[in-house]
Amino acid sequence: MPERSCLAIVLAAGEGTRMRSAHPKVLHAIAGQSLLTHVLTAVRAAGGSAAAVVVGPDAAAVEAEAKRALPGAETFVQAQRLGTAHAVLAAKPAIVRRPDDILIIFADTPLIRPQTLMRMRAALAAGAAVAVLGFRPADPAGYGRLLVKDGELVGIREEIDANADERAIALCNGGLMAFAGDSALAILERIGNANRKGEYYLTDAVAIARRMELRAVAIETEEDEVRGINTRAQLAETEAALQQRLRKAAMEAGVTLVAPETVFLSADTKFGRDVVVEPFVYFAQGVTVEDNATIRSFCHLDRAHVGKGAIVGPFARLRPGAQLGEDVHIGNFVEVKGSTIEAGAKANHLTYIGDTTVGARANVGAGTITCNYDGIAKHRTEIGKGAFIGSNSSLVAPVKIGDGAYVGSGSVITQDVPADALALGRGRQSIKEGWALRLRALKSAAKKKPAAE
Ligand code: UD1
Ligand code: MG
């Protein structure tokens, strides 16, 4: 079968008043990505070859996010909010190109799965002109009801316009619809606004298609997938649902999560096989963890890479640009940023490694600090292969420690250290023999003296 082209129209013109936010609703994030990006990622995975994002006026930030998530995305402005069908028609220039399939998705419904979008497209490929995503909510209040007769979808009734019998219907409109490209425009342009809200309802498309002797079908899915977000509480509930989904997927792919409910993932977190994640770990965006690595409790990782067999934590922080090679050990209270740690190197306790290259098998002692910032600019530190940095040393960047070199504990290193050398940068120790003994003798003599009148 030749591949069918697919246009996704994403409605993002809502004001999101109930979020009580200075930012557009669809830019709020769950699992490290904006709601809009979640939807556009699903669209791409479902074979969407083009995307049209409908935004409200003055929505430059939403337009920029759409293009960041899907570089080919077009944006269209709906100047006035006159209803969901009116919003879809803002993207008319994309509709007239007659893609085979048109998917209509709300940008505040981030849990939609690509498989479900594919099922809707399959219904179009099988001859339906309109496919509607239905679900059976625990509480149907506020949703449009799907009117099904003899297995065919004959209409959708918005709750406000429904009679008592129609309100009793359990199957509701999840809001997502798919249209065959060859009849979409004819249907959409016939939608009027003669209803109690005076809005152009996208849902009227079903009855209109029937009158045009075209077929409409309902595709059913679970409530989670069509969960819409209007408030911060719903944002948190949706985050929780997505976290469960991501944890399950990680475990199915061969990751051990010792206490899954305590691990927070991003939508783009990538794991190899037999990774073990101990309780209470947070993965911000852009983290990859390779096979057999262990992330111990209470770690925070952000745009970082953990190589095969590496051990991180407990209580470690990997900041953007932390690249750990194979079998690296990063221990408790160690922070790594913008640094490459080569295979087998170790920094096990109380250390800051910033803008640094740590050579293979090097050992960075407890309390080592790379002083990468001089108050004006950041500078790099290079630690050679197999080098040994004694505890509580400060490496003042820019500085290079040669391969196999030693740095004595407590040193402040301001000059490059040649390979295989020992560098000492600290006050010389002096010894005063018997000094403590003399001090104690003086003290006890003072005590024995009778107090002066
Ligand atoms: C809509 C459906 C309803 C369904 C419900 C599922 C219609 C007429 N009704 O109702 O059957 O059960 O979703 O959640 O479609 N939007 C615009 N421009 C507009 C109007 C809306 O961009 O002029 C966007 C909104 O920002 C939102 C989406 O379209 O993302 C849906 O609009 P909303 O007002 O939430 O529709 P509902 O009344 O919830
Ligand atoms: Mg709604």
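State all residues of segment 151-191 that are assigned to a loop (DSSP other than H, G, I, E, B) and within 30 Å of ALA125 (Cβ to Cβ); if no residue qualifies, say none.
Passing the criteria: GLY151, GLU158, ILE169, ALA170, LEU171, ARG190, ILE191.
With the requirement that a residue be touching an Asp or Glu at 6+ places or on another chain (Cβ under 8 Å) and farther than 12 Å from VAL130 by Cβ, what does segment 147-180 give you?
Across segment 147-180, the qualifying residues are LEU147, ARG157, ARG167, LEU171, GLY174.
Taking segment 1-55 only, how many residues are open to solvent by 10 Å² or more (accessible area, probe 1.4 Å), in a loop (DSSP other than H, G, I, E, B) and away from ligand 2 (no atom under 16 Å from the Cβ)?
Going through segment 1-55 one residue at a time, the tally reaches 13.
Check segment 123-136 and report whether any residue there is in a strand (DSSP E or B) and aromatic (Phe, Trp, Tyr). Lay out the reasoning, then the answer.
Of segment 123-136, the ones in a strand (DSSP E or B) are 130-135.
Now narrow it down to the ones that are aromatic (Phe, Trp, Tyr): 135.
Checking segment 123-136: at least one residue is in a strand (DSSP E or B) and aromatic (Phe, Trp, Tyr).
Are any residues in segment 222-247 of a type outside the set (D, E, K, R), away from ligand 1 (no atom under 15 Å from the Cβ) and in contact (Cβ under 8 Å) with a residue 60 or more places away in the chain, and if so, which ones?
Scanning segment 222-247 gives ALA241, LEU242, GLN243, LEU246.
Within segment 123-153, which residues are open to solvent by 40 Å² or more (accessible area, probe 1.4 Å) and in contact (Cβ under 8 Å) with a residue 60 or more places away in the chain?
ALA125, GLY127, ARG136, ALA138, VAL148, GLU152 - these are the residues of segment 123-153 that are open to solvent by 40 Å² or more (accessible area, probe 1.4 Å) and in contact (Cβ under 8 Å) with a residue 60 or more places away in the chain.
Scan segment 203-262 for residues that are under 26 Å from SER34 (Cβ atoms), open to solvent by less than 50 Å² (accessible area, probe 1.4 Å) and in a loop (DSSP other than H, G, I, E, B) and jot them down.
The answer is THR221, GLY228, ILE229, ASN230, THR231, VAL255.
With the condition kept exactly as written, say whether any residue in segment 60-78 is assigned to a loop (DSSP other than H, G, I, E, B), within 16 Å of ligand 2 (Cβ to nearest atom) and within 21 Å of the chain's Cα centre (by Cα).
First, pick out the residues of segment 60-78 that are assigned to a loop (DSSP other than H, G, I, E, B): 70-73, 78.
If we keep only those that are within 16 Å of ligand 2 (Cβ to nearest atom) too, we end up with 78.
Narrowing further to those that are within 21 Å of the chain's Cα centre (by Cα): none.
There is no residue in segment 60-78 that is assigned to a loop (DSSP other than H, G, I, E, B), within 16 Å of ligand 2 (Cβ to nearest atom) and within 21 Å of the chain's Cα centre (by Cα).
Is at least one residue of segment 345-366 at pLDDT 95 or above and farther than 28 Å from GLY309 by Cα?
no
Taking segment 387-423 only, how many residues are touching a residue at least 24 places away in the same chain (Cβ under 8 Å) and open to solvent by 30 Å² or more (accessible area, probe 1.4 Å)?
8
The values are calculated or read from the model by the stated rules, or taken from the named source; none is laboratory data. Predicted model only: the values in this text are computed from it and were never measured. Glycine also receives a Cβ, built like all others from the backbone with ideal geometry; neighbour counts cover every protein chain displayed. Side chains included, ligands, DNA and RNA excluded: accessible areas come from the protein's heavy atoms. Shrake-Rupley method; radii C 1.70, N 1.55, O 1.52, S 1.80 Å.
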